[in-house]
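Structure first, commentary second.
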Amino acid sequence: MESFKLNRELARLALLQRTELATSIQKKVRKFFGRFLFSKIFSKYILNVNKISEDYYKIMHLEYQTIKNFLDSNQNILSIGAGIGGLEVIINNNHIGTKFTFIERDFISKKIKYGWDNKNEEAYNKLDLLENFLISNNIKKTNFNIINFDKSSLPDKKFNLVTSLYSLDFHYDFEIYRSYLSKVSDDNTIIIFDTIRSDFFRDIFEDVSVIKVDNDTLHKSKRIACRKFKN
Ligand SMILES: C[S@@+](CC[C@H](N)C(=O)[O-])C[C@H]1O[C@@H](n2cnc3c(N)ncnc32)[C@H](O)[C@@H]1O
């Protein structure tokens, strides 16, 4: 069985970032004690690290299948809100010479809400743990760069592929990144993200294709691959 190497702190982050990793007991605890106590206390102590490591790997492997057609060797990839970076580890294992830039945040909200976040105040990551996960799962330090969305200026270079799974336009408005993304993409750059308003993006991009449909979740989102900003 293939799995990632996670320690307890990383398993906790994965659990906060991917609600489907919660067991039925954890879901009951979250419902009974509320999101504050769950995020603050229970997510730290009631967890099976090995099970989360295996399940998180399975989920990320399925996500990899959805974007595989857009991947190649030696690409420059921008990951917006990658969480702890399981998808990127799998990309790194399968495509040589990939360079990754991560834009993420360095805090865990006190009372995590998983819906649409108008002000983009929610986050659940720690950048030192993200770095630790990438290195312990064999991405070379020279092949990635982590940018703190709240503190650093965003890198000014072109990317071949931008991925943002269940982050951009799923939790917060695409508008936050719109002008930045148009600056760092060229006509061939593919931008992949999950949204509940896929048709809206046909006015923004020349090409929009739906690559995954999530009908089972509350949000009923679609994953779209977009290319070329319209002028
Ligand atoms: C639901 S998680 C998804 C994580 C990962 N993409 C996955 O599929 O497992 C959303 C992520 O977006 C991050 N996030 C929130 N606001 C962000 C922003 N403005 N820029 C980049 N990342 C952000 C959060 O910290 C969190 O790690």
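Every read-out reported here was derived from the displayed coordinates using simple, explicitly stated rules and does not represent laboratory data. Only a predicted model underlies this, so the values are computations on that prediction, with no experimental measurement involved. No Cβ is skipped: glycine too gets one built from the backbone with ideal geometry, and neighbour counts run over all protein chains shown.
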Q: Any chance you could check the Cα centroid distance between the stretch 181-231 and the stretch 9-32 for me, in angstrom?
A: 28 Å
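Would you mind getting me the FRET efficiency between Lys151 and Asn7? Use the beta-carbon distance for r and R0 = 30 Å, nearest 0.05.
Values: r = 25 Å, r/R0 = 0.84.
Once rounded, the FRET efficiency stands at 0.75.
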(Q) Taking the Cα centre as origin and putting +1 on Lys and Arg beta-carbons and -1 on Asp and Glu beta-carbons, what dipole magnitude results for the chain, to the nearest 20 debye? (A) 780 debye
Q. Hey, what angle do you get for helix 49-67 against the long axis of the chain, alpha-carbon based, 0 to 90 degrees rounded to 10?
A. 20 degrees
(Q) Given the DSSP H assignment, sum -39500 (n - 2.57) over each helix run of at least 4 residues in the chain and divide by its residue total; what's the result at 222 nm in deg cm²/dmol, nearest 500? (A) -9500 deg cm²/dmol
Q. What's the angle, to the nearest 10 degrees (0 to 90), between helix 127-136's Cα axis and the longest principal axis of the chain?
A. 90 degrees
Q. Give me the log10 of I(q) over I(0) for the stretch 72-229 at q = 0.08, 0.09, 0.12, 0.19 Å⁻¹, as the Debye formula computes it from C-alpha points; what are the numbers?
A. -0.22, -0.28, -0.51, -1.34
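Cβ neighbours within 10 Å, averaged per peptide: list 82-93, 116-127, 63-74, 185-196 in order, most packed at the top.
On the way: 82-93: 23.5, 116-127: 16.0, 63-74: 14.1, 185-196: 18.5.
The most tightly packed comes first, giving 82-93, 185-196, 116-127, 63-74.
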Q: Can you tell me the 0 to 90 degree angle between the C-alpha axis of helix 24-37 and the longest principal axis of the chain, rounded to 10?
A: 80 degrees
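Relative contact order (percent) for the chain, with alpha-carbon contacts under 8 angstrom and 6 or more residues of separation? Let's see the in-between values first.
Working: 394 pairs, mean separation 39.4, N = 231.
The value is 17 percent.
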Q) Asn231 to Ser73: extension gain in nm, 0.36 nm per residue of separation minus the Cα-Cα distance? A) 53.9 nm
